[in-house]
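Inspection log for the structure reproduced underneath, given as structure tokens.
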Ligand code: FES
């Protein structure tokens, strides 16, 4: 593994930069160097004056083909690749959007909400979040024809392969946590005729329910294969559905009302799988309620909301450049992490093919072992406590606070 300098080529900076870009593009196409799970061939470099990572983390343009206002606060943005082809993805995955707001480039992840079907138009649905700069920007500025820039798709909130039996997929979602759930449940219903779906979906008011009409249409279409249990915290007069926050008591009540997780033990006829996506308190409550019903942890999947607005965007962890050594399959390369750079940005700028996908701490693709030194990470990110304990770091949100050695294990 050698940079052009290591190969002894004395080149002017512009030529060297173009060659590095070409080399990265070719390595992405050929797959010789791992650069993310679905590395795009097109590399956008239109923001030449933006931060250094804009040169090194390849993002690609996609076109908005339609905007649909789902609620007062949430809109769906239908997207296609620039050549008009559909975005390839797996149900439950998300795209990372790279957006410039007030001169600052921000990255945010939004799940694709469409079922994974060849002819189904792809869309993300973005709810305005309090203080959410990107969610407000997208809702205020996107129209048909707008070009956005994305990475991915990424993410592991996926349907496992069928075991040989149909599945009963139980989804518990809160607010905009419905977006990957819509993709997953729509895919199950459309592609697995013997599987069935139960959705417990919590919102504050009836007007806040995203995809209310689409869920009603799916009920019409699939009948008993889909049960939808809307739970409202502030229900209107005459509401006959579930009431309350999705806390443990309310969830127990809904489980009873739906006949879920009773005393009859595992079914011989279907695999019961539970999928969680919503705000942190709802996720904790769901785990507690499921534990009380002895639902095995192995049958629970979850997508945690990251809260990027809570992240300090411009925090500088070290004011001096820090040397970084990277080990990949017995080879090693050295580079320097500049102040303000992440390990990923420094590695890619140094011509080192570090793996990544979402570039914002949400997917785990960039996980590496920290062999020496200290690295601080932006929070929140998707590393588990056990992974942190074992010395793993995410290069896309990791910053060197001193010389460090990292190892790419896959
Ligand atoms: S690239 Fe997704 S977590 Fe780092």
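The values are calculated or read from the model by the stated rules, or taken from the named source; none is laboratory data. Since the model is a prediction, treat every value here as computed from it, not as a measurement. Neighbour counts run over all protein chains shown; Cβ positions are idealised from the backbone, glycine included.
Selection of the stretch 99-117 for residues being closer than 27 Å to residue 187 by Cα and assigned to a loop (DSSP other than H, G, I, E, B) yields 113, 114, 115, 116, 117.
Determine whether the stretch 368-375 contains at least one residue that is near the ligand (Cβ under 10 Å from one of its atoms) and outside the structural domain of residue 109 (by TED's automatic domain parsing). So far as the stretch 368-375 goes, yes, one or more of its residues are near the ligand (Cβ under 10 Å from one of its atoms) and outside the structural domain of residue 109 (by TED's automatic domain parsing).
Tell me which residues, restricted to the stretch 331-340, are more than 16 Å from the ligand (Cβ to nearest atom) and within 15 Å of residue 406 (Cβ to Cβ).
Scanning the stretch 331-340 gives 331, 332, 333, 334, 335, 336.
Selection of the stretch 341-367 for residues being away from the ligand (no atom under 11 Å from the Cβ), in a loop (DSSP other than H, G, I, E, B) and under 24 Å from residue 319 (Cβ atoms) yields 341, 350, 352.
When 54, 50, 39 are screened for being at pLDDT below 95, outside any loop (DSSP other than H, G, I, E, B) and over 30 Å from residue 204 (Cβ atoms), only 54 passes. Checking the stretch 89-98 against the condition returns no match, with no residue being away from the ligand (no atom under 16 Å from the Cβ), over 27 Å from residue 251 (Cβ atoms) and assigned to a loop (DSSP other than H, G, I, E, B).
Which one is surrounded by the fewest Cβ atoms within 10 Å (Cβ to Cβ), of the residues in the stretch 123-138 that are in contact with a helix residue (DSSP H, G or I) (Cβ under 6 Å, 6 or more places away or on another chain) and in a loop (DSSP other than H, G, I, E, B)? Full working, then the answer.
The initial filter retains those residues of the stretch 123-138 that are in contact with a helix residue (DSSP H, G or I) (Cβ under 6 Å, 6 or more places away or on another chain), namely 125-129, 131-132.
Of the ones still in play, those that are also in a loop (DSSP other than H, G, I, E, B) are 128-129, 131-132.
Values: 128: 17, 129: 18, 131: 9, 132: 17.
By that ranking, first place goes to 131.
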